[in-house]
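The values are calculated or read from the model by the stated rules, or taken from the named source; none is laboratory data. This one's a predicted model, so the numbers in the text were calculated from it and none came from an experiment. FYI the Cβ positions are ideal-geometry reconstructions off the backbone, even for glycines, and counts take in every protein chain you see. Heads up: the accessible areas ignore ligands, DNA and RNA and are worked out on the full protein's heavy atoms, side chains in. Shrake-Rupley method; radii C 1.70, N 1.55, O 1.52, S 1.80 Å.
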Amino acid sequence: MAGRLVSQADVILGQKIKRLRRLRGFSQSDVANVLEITFQQVQKYERGVNRVPAAAIPALARLLNTTASHLLDIESPRQAAATDDREVMALQAALSTLPENSPARVQYLKAVAALAAAIRAASDDQLAANITDNTGRVSASGVGTTSSVIPQSARS
């Protein structure tokens with residue numbers, strides 16, 4: 001592919017793959033093994049140097065625990081740059097303090113999933129209307145209160 005210009009979509013897709021791979025704790029070799037390619041090829045995908053083949057998208061989505069449509073939903077460079085993984089890392093750190101298979105861990109995961117679903121379903125204006133006060137209570141449908149799931153020390 002000598003002389004091919006790198007498209008912004010290739011770069012953004014590669015960045016998304018890299019971000020999700022790291023968040024899920026996979027190495028480039030792990031991804032390469034699933035796709036039956038070399039880790040160098042994964043590096044090229046992540047840099048946007050080589051285009052990810054359409055046939056690889058479903059396998060990548062399964063490995064990265066996402067959907068093909070999410071992978072292919074190419075954000076603008078401004079949106080991609082605005083993505084801040086610090087919050088995700090904080091959630092993972094909080095989760096790592098809970099013992100495997102504990103009821104508290106299950107509650108935590110259910111609460112985070114319910115909150116994410118409520119946020120995704122609501123527009124910014126609707127979400128603002130759902131926030132009742134600064135006590136951590138959210139009135140979004142299906143979310144309930146955070147006080148029964150998230151300790152006061154973890155809320156901010």
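Each residue was assigned an accessible area with a 1.4 Å probe, and for THR97 the value is about 110 Å². Per-residue extension of 0.36 nm, minus the Cα-Cα distance of THR66 and VAL112, leaves a gain of 15.0 nm for this segment. Here LYS44 is the anchor, and the lysines within straight C-alpha reach of less than 21 Å, apart from those fewer than 8 places off in the same chain, are LYS16, LYS18.
Could you work out how much longer the chain between ILE119 and ASP30 gets when fully extended? Use 0.36 nm per residue separation minus the Cα distance between them, nm to one decimal. Length gained, ILE119 through ASP30: 28.9 nm. For the peptides 19-27, 41-49, 56-64, the ranking by packing is 41-49, 56-64, 19-27, with the highest mean count of neighbouring Cβ atoms within 10 Å listed first.
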